[in-house]
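See structure below.
Here, each number is a calculation from the coordinates, and none is a lab measurement. Keep in mind it's a predicted model, so treat the numbers as computed, not measured. Ideal geometry is used to build each Cβ from the backbone, glycine not excepted, and the neighbour counts take in all protein chains shown.
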Amino acid sequence: MKSLQAEVTESDEAEAIRPLPWYPDNLAWHSNFSRMQLRKNQALERFHEFLKLENEIGNITRQEAVSMVPPLFLDVHPNHYVLDMCAAPGSKTFQLLEIIHQSSKPGSLPDGLVVANDLDVQRCNLLIHQTKRMCTANLIVTNHEAQHFPGCRAHTNLFNASAAGSEVKPHNTQLTFDRVLCDVPCSGDGTLRKAPDIWRKWNSGMGNGLHGLQVQIGMRGASLLKVGGRMVYSTCSMNPVENEAVVAELLRKSGGSLELIDVSNELPQLVRRPGLKKWRVLDRGVWLASYKEIIEGRQSVAIPSMFPSGRGRKNQADNNDNSELGGNHLDGSIGSSVDVSEPTVDPEDGFDEVCEFPIERCMRIVPHDQNSGAFFIAVLRKIAPLPATFEKQTSKSANDRSRCKLPQTIADGENVDVDAAVGMDESPTEAGIISNNQGESSSADKPACELPIQDNKDAEGLNTNAGDLEAKLVDNEVDEKAAIKIYSEESKQPDDGEVDPKKSAAKRKLQIQGKWKGVDPVVLFKDETVIDSIKTFYGIDESFPLVGQLVTRNSDTNHVKRIYYISKSVKDVLELNFSVGQQLKITSIGLKMFERQSSREGSSAPCSFRISSEGLPVILPYITKQILTISPVDFKHLLQYKSIKYSDFVDSAFGEKASNLMLGCCVIVLGTGTNTSSDVIKVDSSTIAIGCWKGRASLSVMVTAIDCQELLERLSNRLENNL
Ligand SMILES: C[S@@+](CC[C@H](N)C(=O)[O-])C[C@H]1O[C@@H](n2cnc3c(N)ncnc32)[C@H](O)[C@@H]1O
């Protein structure tokens, strides 16, 4: 790689690419080339092509280095339930999925799952497009305001209720997570180096305007976290109001249930600086050392929790409850606004407040320490259930957002959290919500009562996505608009085959009748005739669980076009979601496993469903029919010519076996020798297999052009290395 650098810069002093020393197992590498160099420099053309191809396939993800840090501190294990609260465009979700899947053997799925949520529906589509490369059955994508993420708590009476035909098991009565990532919207000043525009646009009002929302998201994350679980709070901003102040407020509100973990022993090679113990708040050009200094009329903009002590002033205590941004002080029992004692003061400067928590355990990553973007990260552990008021606040607001029409009677009264129980519509008391809904937050999705929105005049140009500039595909090189278009066009395609205007109208009606307007319903696919025909045709081994783990997005099960496979963990969440009246607004779920054949030849095949490329790796070890191994030379020809007559295969025995397969989809596995049309097919992590169409006269590949290209490269590497 040094020579590559030399060719570009006429100097070989710096390395072209190098592994990031702090990333485990050398899995992340840093490139010194700018986007411009990659695009324009001819010497880098092949390298650039390689990056683009591998990115498209899903083998490489291009990402700002520091943006990869938060998931590492989550300490995710394959059996964990992980919630990524503000997930789009999904670079961290992808990393989380990689960790969940890291030790999975071919054909087996991890016990954990990732729920990736984002408020913005278009960005959710982008996330779906990005994570599709992962081919995972362990992901659910949802579209909620993170601060109101549904708790899906089933009422105890529902334990035996059959929802969508499935029983809810008592241990599965609430959606809680082992790990929660709050990579919240922020003002994004940490991305200044690569997004210099921020220099002109940024103002202190942006951070002040987001503080309340950030606290709310953190609070909701904490309430959805299991006791003993870890939560990471992160921003790509260096503004303490969006960072240390938020973390301190979470600690304050949690009343000792959350602890800020000292992670100085983790990723020791990552250079980081401690969190700030004291800071001042800038409001309209005035630096404020404490809440006491706020001028009249600005109390609803700069609030106590933005300051290191988190304390308000006595004569404001009552007013704060209703006027403060973000509704942090609703109940008056916990939190800063009602604490009238004098703030802690640093004796050295006489008036600056000092944060009472071990806030230095937070991490600040600054650009000049290791040539990176800037990031703020705090790692929290839940050591006890949260105080009732904290839980109540967050679950109340969540339930207000996901009302469902279930009876309000609670037979066994005691020990039931009435607020959190399904369908318990309490009158909402939640305080001001920063209106940052850019998505399709419909009126149905609005709180019944919204308190005043924060005075945001100062935050002109405030963009709750600004924090995402770091992830705004500057690195990913994905054309965001194009990807959204591709995805939405794809998702617009009727799931039920050909476009029939009558059918489309009926389908629209079905959707409108659903709980989440405009979102295709998730339906468990149970058509035994179809499932049996698939099982018989491909000889799918009984040990592969199909029943109960197939879903579609089409209520008209007779015209299903795509069938998705879900892991056991996703199935459990789905069943819980059914049982609580579909509180989760699911925009994507499962791995596309089977697709209906629509061609004329396809409809005359014994099985009308083909195996999709995404699903093939999961089901491959269980397929016993319609599967053959092929020699490298014939495989190469097949990828090059896309379709080959049976008599034209170099290995004539293979050609004959292929011609004897049943009409329809089949699976071709790359063998190692020259004559490999043997009957014994071994599958391991290095196995290469593709879906093909066994026609009357020829065998044709059923993979995309880009997949063919990548497979040809892999094949030539293998042949070169004699693998
Ligand atoms: C910093 S970005 C997240 C980047 C993402 N974690 C990644 O690594 O690719 C913040 C995201 O929060 C989303 N967002 C803004 N307000 C939100 C809210 N109230 N609830 C959920 N998501 C929100 C934005 O749409 C944006 O995608």
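The table below lists the values:
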{"read-out": "For residue 134, distant residues with modelled amide H under 5 Å away", "value": "none"}
{"read-out": "Cα→Cβ-extended label distance, 7 Å offset, between residue 705 and residue 265, nm", "value": "5.5"}
{"read-out": "Computed E for residue 287/residue 226 - FRET, C-beta separation, R0 30 angstrom, nearest 0.05", "value": "0.15"}
{"read-out": "Label-to-label distance, nm, for residues given as residue 547 and residue 26 (7 Å Cα→Cβ offset)", "value": "4.9"}
{"read-out": "Two-site label geometry, residue 298 and residue 381: point separation in nm, points 7 Å out along Cα→Cβ", "value": "4.0"}
{"read-out": "Karplus-derived HN-Hα couplings along region 269-275 (A = 6.51, B = -1.76, C = 1.60, θ = phi - 60°), whole Hz, x at Gly and Pro", "value": "7, 7, 6, 9, 10, x, x"}
{"read-out": "Ranked by how many other beta carbons lie within 10 Å on average, peptides 618-625, 146-153, 253-260, 242-249 from highest", "value": "242-249, 146-153, 253-260, 618-625"}
{"read-out": "For region 597-643: rounded, prolate or oblate by the Cα gyration tensor [a/c cutoff 1.5]", "value": "oblate"}
{"read-out": "Cα gyration tensor category, rounded, prolate or oblate, for region 45-107 with a/c compared to 1.5", "value": "oblate"}
